[in-house]
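What follows is a single structure, written as structure tokens, with notes after it.
The values are calculated or read from the model by the stated rules, or taken from the named source; none is laboratory data. What you are looking at is a predicted structure, and each value in this text was computed from that prediction instead of being measured. Backbone-built Cβ (ideal geometry, glycine too); neighbour counts: all protein chains shown.
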Amino acid sequence: MTGMPPDLPEKAETDPQAPVRPRREFIRNAALFTGTVALLGGGLEALTRRPGAAAEAAPGEPLAQARRPLGPYDTSEAVTPYAQATTYNNFYEFGTGKDDPARLAGSLKPRPWTVLIDGEVKKPVRVDIDTLQSWFPLEDRIYRMRCVEGWSMVMPWLGFPLAALLRRIEPNSKAKYVQFTALHDPKQFPGQRGNVLDWPYVEGLRLDEALHPLTFMAVGLQGRVLPGQNGAPLRLVVPWKYGFKSIKSVVRITLTQKQPRTTWALAAPDEYGFYANVNPAVPHPRWSQATERRIGELRRRPTLPFNGYAEQVAHLYKGMDLRRFF
Ligand SMILES: Nc1nc2c(c(=O)[nH]1)N[C@H]1C(S)=C(S)[C@@H](COP(=O)(O)O)O[C@H]1N2
Ligand SMILES: [Mo]
């Protein structure tokens, strides 16, 4: 599928020669701009430390409310309003339009849901999502999210570090990578009735990336149960990589010896790589990565190396040619 433009860039925003953004879009953005209020300062409203709480609530329903100071992994930047974070999405299993996921997410049934954890591990397991969630205290993390298309958001996730799960299932000495597989079910995912991508969506990380404390498995967003359009009931979040690495609706986590195949690298190998670390110095072959538009803002802002997480993660890539490992 070489002719197919993967991760369609927002033409009007990334390509200076594209037609001027439709007026409708402009008005929407202006409204967002004035509506963007920092939810932080005193702390984030939301989140629960009660294991299993997310399982009892319906999607979009508030979880137990709590306030807390910002943690070491949180950004203090203004959180993207929930209405935007849940209506402007990439989730090709529902379709390629930004509004397809929110419109069609009702067909996804996040319960019951089983996750298989297997491969090079000492304790493979097939586990129900509610049981899996109950193994860990739920934490929250306010992360930047940067899509390779050139837009970004600030997302308050609720979930647990992937490292906690990996410690529990114990990778063996052959394990070098982690592969993630999303649900493949055209009955629940209308977009899978076509072949815009090879299904199921797959992603992967090197084991040390997977074990990094920033690498997160989300089950909630902004204090609510994760909505279908954001990857219910379980999605990966890797904040220093382009958004496509953060695979949604995960059903399988497999430890492997070899570098796993990943959906976008398969779809367009000259445009997307396995590592996909956010890097403003390396343009996508068809557009620059130097700047981004934070959803809700009018002006573009500079994109930061590793999406602003260089201090925490740059050491993972010492000695690697970062241009090559896009
Ligand atoms: N299974 C699956 N996961 C996916 C995608 C997808 O199409 N299918 N899109 C990715 C892309 S390109 C981005 S930018 C993020 C968007 O996450 P969000 O909609 O929660 O902001 O999800 C990623 N995870
Ligand atoms: Mo993306």
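Quick look at the values:
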read-out: Only one of Phe160, Phe180 that is among the aromatic types (Phe, Trp, Tyr), within 16 Å of ligand 2 (Cβ to nearest atom) and either part of a strand (DSSP E or B) or modelled with pLDDT of 95 or more (or both); value: Phe180
read-out: Among the candidates Asp128, Asp118, Asp99, residue that is of a type in the set (D, E, K, R), surrounded by fewer than 17 Cβ atoms within 10 Å (Cβ to Cβ) and within 16 Å of ligand 2 (Cβ to nearest atom); value: Asp99
read-out: Any hit, the stretch 272-283, residues being β-branched (Val, Ile, Thr) and not in a loop (DSSP other than H, G, I, E, B); value: no
read-out: The stretch 236-270 - residue that is of a type in the set (Lys, Arg) and either within 13 Å of ligand 2 (Cβ to nearest atom) or modelled with pLDDT under 95 (or both) and, of those, farthest from Trp199 (Cα to Cα); value: Lys241
read-out: Gln179 being surrounded by 19 or more Cβ atoms within 10 Å (Cβ to Cβ) and closer than 16 Å to Gln257 by Cβ; value: yes
read-out: Boolean, Lys109 is modelled with pLDDT of 55 or more, over 17 Å from Leu162 (Cα atoms) and either of a type in the set (Lys, Arg) or assigned to a loop (DSSP other than H, G, I, E, B) (or both); value: yes
read-out: Leading residue by the ranking (farthest from ligand 1 (Cβ to nearest atom)) among those in the stretch 248-258 that are surrounded by fewer than 24 Cβ atoms within 10 Å (Cβ to Cβ) and assigned to a loop (DSSP other than H, G, I, E, B); value: Gln257
